[in-house]
Structures are given as C-alpha cells and as structure tokens.
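Asker: After the structure tokens below, expect a handful of questions from me.
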Amino acid sequence: MVLCVPVIVQVKRSYMFSKLFPMEIAESAYDIDYEALYKDGYRGIIYDIDNTLVPDNAPADAKSCRLVGSLKDMGYKCLVLSNNDLDRVKTFADKVGAGYIYKAAKPSVKGYREAMDKMGTDVNNTLFLGDQLFTDIWGANRAGIRNILVKPIDKRERMHILFKRVLEKVIMVFYRRSVKYKAATEDSR
Ligand SMILES: [Mg+2]
C-alpha cells in the first residue's frame, strides 16, 4: 500500500501536466520531414515566430522565407500565430508569405481555431510548431492540434521567458517520466 502512493502521485502529476506535454520534439522547425507529413495528409502548418522560425524579435531571414516558400510549393497553407503585436507579426508574415494572427493570447484556443479557418484546414490535417510549453504547446493541445516542440533558436532570452524556461524544465521531467512509463507498460503487454 505504502509503495503504491509514489506511483499514484506520479501518475496524478503526469495527468495534471499532460496538456503541457508536446506530442513530438524536434531540434528545429527546419529539421522536419514536411514531405512525409504532406503524404500523411497534412495540409496546414501553424508556426510560432520568435525563437521558432527566427531568434526573438529578429526579422524574417532568407532561411524562413525559403522554408515557407518550399512548403507552399508542396501544397501547404502556412500561417504564423503569435502573441506579439500587429507590426511585428504582419511585417514577418508578409516577408515570408504566410498568413498571420497577432496578439493571439496563446494558450487561448481562439487563435488556433481562427488559423485553421483561415487556412481551410481542421484538427486532422493541421500541424503546429512552437518553442514554448506554456503558450504554444498548451494551446495546441487544448485545440486538439498535432504539435511539435522545437528547441529555441536563441538561448539568450528575456527575464520573464527565462523564468518560464525553468518551469518548463520541471514539466519536461514529468514528460520524460510519462514517456518511459508508457514505453514500459507497452513493453509489458
Ligand atoms: Mg516563441
């Protein structure tokens, strides 16, 4: 009985945090097999901007423009969903050639749903990529969209984001434990 308590606490904690767990993790938004995903039926991609496609507050660069251009050539619709203001988001989106939603208030699901409406896609054929658990991933999970957590491009971040990164590390400990737990229970079947 006593031995059961830590297991129950562990499972409860994992459940509590599960909406913050990414569905997948990748090194970078530039390191994804988008062609394979297209073959799997995905048609719309929603991106966070800062530290996902470019460093925090950096302008659109050749790499981000090339990525969106090649995705559109493949047949994808692309949209950037950001909590940043109109000027930042529109300037970036216009340069890369993507749709945009600004001041999205992620993790609110409203922006994610609006993004799918704009792209003409739904939860079954839309992907989301972002670098933060408490805004990007939480919102995508709440909206029911397949999501990929990417590593932040720039490690030098502002103070309030650095604080969130510490909390993210704690959540990721529970995430890794839940992945191990799932793998162990699947192996034992
Ligand atoms: Mg970001």
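The values are calculated or read from the model by the stated rules, or taken from the named source; none is laboratory data. Here the structure is a predicted model, which is why all the values come from computation and not from measurement. Ideal geometry is used to build each Cβ from the backbone, glycine not excepted, and the neighbour counts take in all protein chains shown.
Asker: For the range 19-39, name all the residues that are farther than 18 Å from K151 by Cα and either free of Cβ contacts under 8 Å to residues at least 60 places away in the same chain or aromatic (F, W, Y) (or both).
Answerer: Our first condition is that a residue be farther than 18 Å from K151 by Cα; within the range 19-39, this holds for 19, 35-39.
If the condition is that a residue be farther than 18 Å from K151 by Cα and either free of Cβ contacts under 8 Å to residues at least 60 places away in the same chain or aromatic (F, W, Y) (or both), then E35, A36, Y38, K39 are the ones that fit.
Asker: Out of all the residues in the range 140-156, which are within 18 Å of E27 (Cα to Cα), surrounded by 11 or more Cβ atoms within 10 Å (Cβ to Cβ) and not β-branched (V, I, T)? Working first, answer last.
Answerer: Residues of the range 140-156 that are within 18 Å of E27 (Cα to Cα), as a first pass: 146-156.
Within this subset, residues satisfying the condition of being surrounded by 11 or more Cβ atoms within 10 Å (Cβ to Cβ) are 146-154.
Selection gives R146, N147, L149, K151, P152, D154.
Asker: Please state which of the following conditions K110 fails to meet, knowing it meets all the rest: (1) touching a residue at least 12 places away in the same chain (Cβ under 8 Å); (2) closer than 28 Å to L20 by Cβ; (3) basic (K, R).
Answerer: That leaves (1) as the condition not met.
Asker: Then there is this: May I ask you to list pairs of residues, at least six apart or on different chains, whose Cβ atoms are under 7 Å apart, with the first in the range 161-183 being at negative phi and among the small types (G, A, S) and the second being at pLDDT below 85 and part of a helix (DSSP H, G or I)?
Answerer: From the range 161-183, the pairs are S178/S14.
Asker: Here's another thing I want to ask about it. What number of residues in the range 128-144 are outside any helix (DSSP H, G or I) and within 16 Å of the ligand (Cβ to nearest atom)? Steps first, answer last, please.
Answerer: Applying the first criterion (outside any helix (DSSP H, G or I)) to the range 128-144 yields 128-132, 144.
This time we only want the ones that are within 16 Å of the ligand (Cβ to nearest atom), so: 128-132.
Residues that pass the stated criteria total 5.
Asker: Also, I was wondering about something else. Identify all residues within the range 90-124 that are of a type in the set (S, T, N, Q) and either farther than 17 Å from T135 by Cα or in contact with a Cys (Cβ under 9 Å, 6 or more places away or on another chain) (or both); write none if there are none. Full working, then the answer.
Answerer: Initially, the range 90-124 is screened for residues of a type in the set (S, T, N, Q), giving 91, 108, 121, 124.
Scanning the range 90-124 gives T91, T121, N124.
Asker: A further question on this structure: Across the range 44-83, what is the number of residues that are closer than 24 Å to G144 by Cα and under 16 Å from the mean Cα position of the chain (by Cα)?
Answerer: 16
Asker: Additional query: When you check S28 against the structure, is it within 15 Å of the ligand (Cβ to nearest atom) and in contact with a Leu (Cβ under 9 Å, 6 or more places away or on another chain), yes or no? Reasoning before the result, please.
Answerer: On the way: within 15 Å of the ligand (Cβ to nearest atom): yes; in contact with a Leu (Cβ under 9 Å, 6 or more places away or on another chain): no.
The answer is no for S28.
Asker: List the number of the failed condition for G44; all other conditions in (1) modelled with pLDDT of 95 or more; (2) exposed (fewer than 12 other Cβ atoms within 10 Å of the Cβ) hold.
Answerer: Failing condition for G44: (2).
Yes or no, residue by residue, for (1) within 16 Å of the ligand (Cβ to nearest atom); (2) loosely packed, with under 14 Cβ neighbours inside 10 Å:
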{"residue": "Y76", "(1), (2)": "no, no"}
{"residue": "V89", "(1), (2)": "yes, no"}
{"residue": "K110", "(1), (2)": "no, yes"}
{"residue": "T121", "(1), (2)": "no, no"}
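Asker: Check off (1) in a loop (DSSP other than H, G, I, E, B); (2) touching a residue at least 40 places away in the same chain (Cβ under 8 Å) for I46 and give me the number that stays unchecked.
Answerer: (1)
Asker: Tell me which residues, restricted to the range 54-89, are more than 18 Å from F128 (Cβ to Cβ) and hydrophobic (A, V, I, L, M, F, W, C).
Answerer: Scanning the range 54-89 gives A58, A60, A62, C65, L86.
Asker: Would the range 157-179 turn up any residue that is crowded, with 16+ Cβ neighbours inside 10 Å, within 16 Å of the ligand (Cβ to nearest atom) and more than 17 Å from the chain's Cα centre (by Cα)?
Answerer: yes
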